[in-house]
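Read the structure below first, then the notes.
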Amino acid sequence: MLDAQHRVTASASFAPRPHVEDGWHHRNAILAHLRQVTPHDLRLARPTRTAVLLRCREGSGDWTEQDGAWMWALRDATALHGLRCGSYITLTPTGWQSLGDGRRGRNPHSGSWAEGPVHTVTELPPRSTRELAQDRAWRPTGITSIETVRRAAAR
């Protein structure tokens, strides 16, 4: 979730059921998580916050039918929650891609803390190596806690 100044205000992560491929189920999962992490903007004339979806998946960075289902789910869930619909981003072993606007890159990628792309969890380096890499990693600053956002929205 991004605020009007494009700062991260809330986030949620979840693992959908692997056999579910229907956009309706994805929409309901996104909407349930939105309801848990941020109040709706339905009473505002214009949305002030933007929802962005980052989906980590295996395979190539090309568009898939599942990406279409997730993109529809994001658009519909944000409309039902009164939010602006942001980017749908895929993260694969080959890199990241923001579908819809053509931006893509190789860094960061799902194996950015390792020597190269990681294709399975068993290929991850030991925790101590990852912790050293995380010390060098970029960390966002100025992230507002969800409680601060909820108090501000309640006013």
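The values are calculated or read from the model by the stated rules, or taken from the named source; none is laboratory data. Keep in mind that this is a model prediction, so the values were computed, not measured. For neighbour counting, all protein chains shown are included, and Cβ atoms are generated from backbone atoms with ideal geometry for every residue, glycine included. When the accessible area is computed, the model is the full protein with side chains, heavy atoms only, and any ligands, DNA or RNA have been set aside. Shrake-Rupley method; radii C 1.70, N 1.55, O 1.52, S 1.80 Å.
Please determine whether any residue of the stretch 28-35 is among the aliphatic types (A, V, I, L, M) and under 22 Å from residue 151 (Cβ atoms). Looking for residues that are among the aliphatic types (A, V, I, L, M) and under 22 Å from residue 151 (Cβ atoms), one finds at least one in the stretch 28-35, hence yes. The number of residues in the stretch 1-51 that are out of contact with any Cys (no Cβ under 9 Å at 6 or more places or on another chain) and either in contact (Cβ under 8 Å) with a residue 60 or more places away in the chain or not in a loop (DSSP other than H, G, I, E, B) (or both) comes to 24. Residue count for the stretch 38-73 satisfying the condition of being touching a helix residue (DSSP H, G or I) at 6+ places or on another chain (Cβ under 7 Å), surrounded by fewer than 17 Cβ atoms within 10 Å (Cβ to Cβ) and closer than 17 Å to residue 4 by Cβ: 1.
Going by the structure shown, is residue 75 basic (Lys, Arg), modelled with pLDDT of 85 or more and not in a loop (DSSP other than H, G, I, E, B)? Write out each step before concluding.
Details: basic (Lys, Arg): yes; modelled with pLDDT of 85 or more: yes; not in a loop (DSSP other than H, G, I, E, B): yes.
Yes; evaluated as a whole, the condition is true for this residue.
For the stretch 74-90, name all the residues that are farther than 24 Å from residue 105 by Cα and open to solvent by 20 Å² or more (accessible area, probe 1.4 Å). First the steps, then the outcome.
Filtering the stretch 74-90 for residues farther than 24 Å from residue 105 by Cα gives 76-84.
Scanning the stretch 74-90 gives 76, 79, 80, 84.
For residue 19, are the conditions met, namely being surrounded by 16 or more Cβ atoms within 10 Å (Cβ to Cβ) and not aromatic (Phe, Trp, Tyr)? In short, no.
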